[in-house]
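Just below is one structure, and these are the notes that go with it.
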Amino acid sequence: MVLTELKRQFPAAPEYLTQIFLIQRDTGEVTNAGLADRLNVSRPAVSQAIGRLRRLGLVEQDKYGTIALSLEGENIGKKIVRRHFLLEHLLVGLLKYPWDKADKEAESLQDALSDDFTEFLSQRLGNPQTCPHGNPMPDSALEERYLQAPPLSGAPLHQEIRLIRITEEGELLDGLLPFCLEHQLLPGRIMIPSSLDEQQVVVQKDEKTLSIPIKFAQLLRWEAVSSK
């Protein structure tokens, strides 16, 4: 189904398909409750939307309430996510738009891109493998590795680690992106966790000490510095 035709039939469909895809690849399971929380809408609204998407042949839902994309729904979701990530790179890398605001701006632009321009933009940007926040492109070579990366809240103490990803859930959490920008917690940043408790993770970075609230640390992903 062409995206413009889908939006004509159901304007909210791209947003639902995108979030279903992202939740499914991060957690493996999508429910009405989880989708309502991610989209900040009511559960009845999600139930109605899923019904419409089912009638369009884009999602399935089993008797336990688990939602899954059909092949067509998954392809559309991947296409939108790719457009979104490329727009973020255009905004941040070329236009120098604020890193912590690019996600929302890209969301407002993503549905307007044509397939031809999407491919042109990817080539122009050097075919990036992640978004500027470290989330992997669908079907990229490092997708599985980045999705399996553990949270900073469980990182080993007194060992060098590299921050590689701020999860999609993290991008939506109030305050996390501005905090990361203020303290330069960007993908590629090397740090050493020095202590951990129920409230915070303390890391050593650039010869300075930084306390990261645990609710933020749970949504940051890392790998060992020796990883390639």
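Assorted remarks:
- Candidate set from region 15-33 (those that are part of a helix (DSSP H, G or I) and more than 15 Å from the chain's Cα centre (by Cα)); member that is surrounded by the most Cβ atoms within 10 Å (Cβ to Cβ): N32
- Residues located in region 97-130, provided they are assigned to a loop (DSSP other than H, G, I, E, B) and not hydroxyl-bearing (S, T, Y): P98, W99, D100, K101, L113, L125, G126, N127, P128, Q129
- In region 115-141, residue farthest from the chain's Cα centre (by Cα) [restricted to those that are under 24 Å from L181 (Cα atoms) and among the aliphatic types (A, V, I, L, M)]: L125
- Restricting attention to region 94-146, the residues being touching a Cys at 6+ places or on another chain (Cβ under 9 Å) and of a type in the set (A, V, I, L, M) number 3.
- Residue within region 34-44 that is touching an Asp or Glu at 6+ places or on another chain (Cβ under 8 Å) and either basic (K, R) or part of a helix (DSSP H, G or I) (or both) present: yes
- Condition met for L94 (more than 18 Å from the chain's Cα centre (by Cα), among the hydrophobic types (A, V, I, L, M, F, W, C) and within 18 Å of E5 (Cα to Cα)): no
- Single residue of A49, A12, A68, A36 found to be surrounded by 20 or more Cβ atoms within 10 Å (Cβ to Cβ), under 22 Å from the mean Cα position of the chain (by Cα) and among the small types (G, A, S): A49
- Residue within region 149-171 that is touching a Lys or Arg at 6+ places or on another chain (Cβ under 6 Å), surrounded by fewer than 17 Cβ atoms within 10 Å (Cβ to Cβ) and farther than 30 Å from T4 by Cβ present: no
- Search result, residues across region 45-88 that are out of contact with any Phe, Trp or Tyr (no Cβ under 9 Å at 6 or more places or on another chain) and assigned to a strand (DSSP E or B): E60, Q61, I67, A68
- Within the option set L219, L176, being surrounded by 19 or more Cβ atoms within 10 Å (Cβ to Cβ), touching a Gly at 6+ places or on another chain (Cβ under 7 Å) and under 20 Å from L157 (Cβ atoms) holds for one residue only, L219.
- Within the option set D174, D197, being more than 13 Å from D100 (Cβ to Cβ), at pLDDT below 95 and charged (D, E, K, R) holds for one residue only, D197.
- Pairs linking a residue in region 10-21 that is within 18 Å of T167 (Cβ to Cβ) to a residue that is assigned to a helix (DSSP H, G or I) and among the small types (G, A, S), with Cβ atoms under 9 Å and 6 or more positions apart or on different chains, are T18/G77; Q19/G77; I20/G73; I20/G77; F21/G73; F21/G77.
- Residue within region 88-111 that is touching a residue at least 12 places away in the same chain (Cβ under 8 Å), crowded, with 20+ Cβ neighbours inside 10 Å, within 29 Å of C180 (Cα to Cα) and among the aromatic types (F, W, Y) present: no
The values are calculated or read from the model by the stated rules, or taken from the named source; none is laboratory data. Everything quoted here is computed from the prediction, not taken from an experiment. Methodologically, a virtual Cβ is constructed for each residue, glycine included, from the backbone with ideal geometry; neighbour enumeration extends over all protein chains shown.
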